[in-house]
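Chemist: What follows is a single structure, and I will ask about it in a moment.
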Amino acid sequence: MTDLDVVIDGFLEALRARQYSRHSLAAYEHDLAHLTRALPDKGLMDIQPHDIRRTLASLHGQGYAPKSLGRILSAWRSLFRHLAREGVLEANPCTGIRPPKAPRRLPHALSPDDMAQLLEAPDPGPSPDPWRVRDLAMFELMYSSGLRLSELVGLAPGDADPATGEIRVTGKGRKERIVPVGRQAWEALAAWLALRPDLARDETALFVGARGQRIAPRVVQQRLKALALDRGLSQRVHPHALRHSFASHVLQSSGDLRAVQEMLGHASLSSTQIYTHLDFQHLAQVYDQAHPRAKKK
């Protein structure tokens, strides 16, 4: 057993003493084993930053994803930080080393046609199902105003102002913003508000569940999934996809990134810029279909 194996065993024992879970301990052991396999002949005091970089590069070459490499590096950094605290090492060889960046995943946005198919209002008939009316109001509002799921379930009836056509939203960090609401969303919301008093009891939330209490986020997710299946959409639809669709469609039509940032409640423009990639994809698709010299043979 090398001195690296010995200190890893001591580190795992220290984690057990701090009551780390069995799964966390197994994950640490698994990630630290990469280090002992890569540096079998290295003494603990001889491990340098270039050894860490070379080992990470080797794992990357074996197909490990950036996210996995980040977790592995975090385990190594924790080990050496522990050894520095114990006075075994003077410096952490992982300091300043970062794993390769993971490619940024583009948000999933539905097409305008898919959104129209999803939100097509059914004929209410003489006795409309109040929960279908509620669902349509929720999803119209999320798409109309770019709401997060948490923002939707946090709404109160007084947040909606039909006089101005706007709604007050409380976002991350308890920051409030005022966003416009489209005509179709207002009509769906008005239909729900007409039914809500008989269903909400003493609840202050705008949207309630079957027990008359604030609707749970999980219920919203389930109802949207069921609606998408009922409307014949092949892709999986989740609440955040409505927010992504809102941002993408407004940006495609207006090109006003700052306005989209304000309506989404993003603190930084960099968070909103991801939608410019979606817009470019749309433009590239139009170009490929329309330009006579862009068509593929």
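The values are calculated or read from the model by the stated rules, or taken from the named source; none is laboratory data. Predicted, not measured: the structure shown is a model, and the values here were computed from it. Quick reminder, even Gly has a Cβ in these numbers, built from the backbone with ideal geometry, and neighbours come from all protein chains shown.
Chemist: Is it the case that some residue within the stretch 112-127 is surrounded by 15 or more Cβ atoms within 10 Å (Cβ to Cβ) and closer than 30 Å to Pro66 by Cα? Full working, then the answer.
Modeler: The initial filter retains those residues of the stretch 112-127 that are surrounded by 15 or more Cβ atoms within 10 Å (Cβ to Cβ), namely 114-115, 118-119.
Still in the list and also closer than 30 Å to Pro66 by Cα: none.
Checked the stretch 112-127: no residue is surrounded by 15 or more Cβ atoms within 10 Å (Cβ to Cβ) and closer than 30 Å to Pro66 by Cα.
Chemist: Continuing with the same structure: Can you name the condition, by its number, that Ser78 falls short on among (1) buried (at least 16 other Cβ atoms within 10 Å of the Cβ); (2) of a type in the set (S, T, N, Q); (3) modelled with pLDDT under 90?
Modeler: It fails just one condition, (3).
Chemist: Select from the stretch 134-169 the residues that are in contact with a Leu (Cβ under 8 Å, 6 or more places away or on another chain), within 18 Å of His238 (Cβ to Cβ) and not in a helix (DSSP H, G or I) and list them in ascending order.
Modeler: Gly146, Leu147
Chemist: State all residues of the stretch 174-201 that are under 29 Å from the mean Cα position of the chain (by Cα) and either part of a loop (DSSP other than H, G, I, E, B) or touching a residue at least 40 places away in the same chain (Cβ under 8 Å) (or both); if no residue qualifies, say none.
Modeler: Lys175, Arg177, Val179, Pro180, Val181, Gly182, Gln184, Ala185, Ala188, Leu189, Trp192
Chemist: Then there's this: Taking Val153, is it under 25 Å from Ala109 (Cα atoms), in contact with a Pro (Cβ under 6 Å, 6 or more places away or on another chain) and at pLDDT 90 or above?
Modeler: yes
Chemist: Which of (1) touching a helix residue (DSSP H, G or I) at 6+ places or on another chain (Cβ under 9 Å); (2) touching a residue at least 40 places away in the same chain (Cβ under 8 Å) is the odd one out, the single condition Arg53 does not satisfy?
Modeler: It is condition (1) that Arg53 fails.
Chemist: Here is a further query. Being surrounded by 13 or more Cβ atoms within 10 Å (Cβ to Cβ) and among the small types (Gly, Ala, Ser) is the filter; apply it to the stretch 152-189 and report the residue that is nearest to Arg258 (Cα to Cα).
Modeler: Taking the candidates together, the pick is Gly171.
Chemist: What are the residues in the stretch 64-105 that are closer than 26 Å to Val6 by Cα and among the hydroxyl-bearing types (Ser, Thr, Tyr), if any?
Modeler: Hits for the stretch 64-105 are Ser68, Ser74, Ser78, Thr95.
Chemist: Here is a follow-up. Find the residue count for the stretch 137-151, including only residues that are crowded, with 22+ Cβ neighbours inside 10 Å and within 18 Å of Leu227 (Cα to Cα).
Modeler: 8
Chemist: Which condition does Gly87 not pass, out of (1) of a type in the set (Gly, Ala, Ser); (2) surrounded by 11 or more Cβ atoms within 10 Å (Cβ to Cβ); (3) over 27 Å from the mean Cα position of the chain (by Cα), if it passes all the others?
Modeler: The number of the failed condition is (2).
Chemist: In addition: If I ask for residues that are surrounded by 14 or more Cβ atoms within 10 Å (Cβ to Cβ) and more than 13 Å from Leu79 (Cα to Cα), which ones from the stretch 7-23 would you list?
Modeler: The one that is surrounded by 14 or more Cβ atoms within 10 Å (Cβ to Cβ) and more than 13 Å from Leu79 (Cα to Cα): Tyr20.
Chemist: Within the stretch 34-43, does at least one residue satisfy the condition of being acidic (Asp, Glu) and over 13 Å from Ser78 (Cα atoms)? Spell out the reasoning first.
Modeler: Of all residues in the stretch 34-43, those acidic (Asp, Glu) come to 41.
The next check asks that each one be over 13 Å from Ser78 (Cα atoms); those that pass are 41.
Yes, there is a match, as at least one residue in the stretch 34-43 is acidic (Asp, Glu) and over 13 Å from Ser78 (Cα atoms).
Chemist: Right, another one. Any residue at all in the stretch 128-135 that's of a type outside the set (Ser, Thr, Tyr), more than 22 Å from Gln213 (Cα to Cα), in contact with a Phe, Trp or Tyr (Cβ under 6 Å, 6 or more places away or on another chain) and modelled with pLDDT of 90 or more?
Modeler: no
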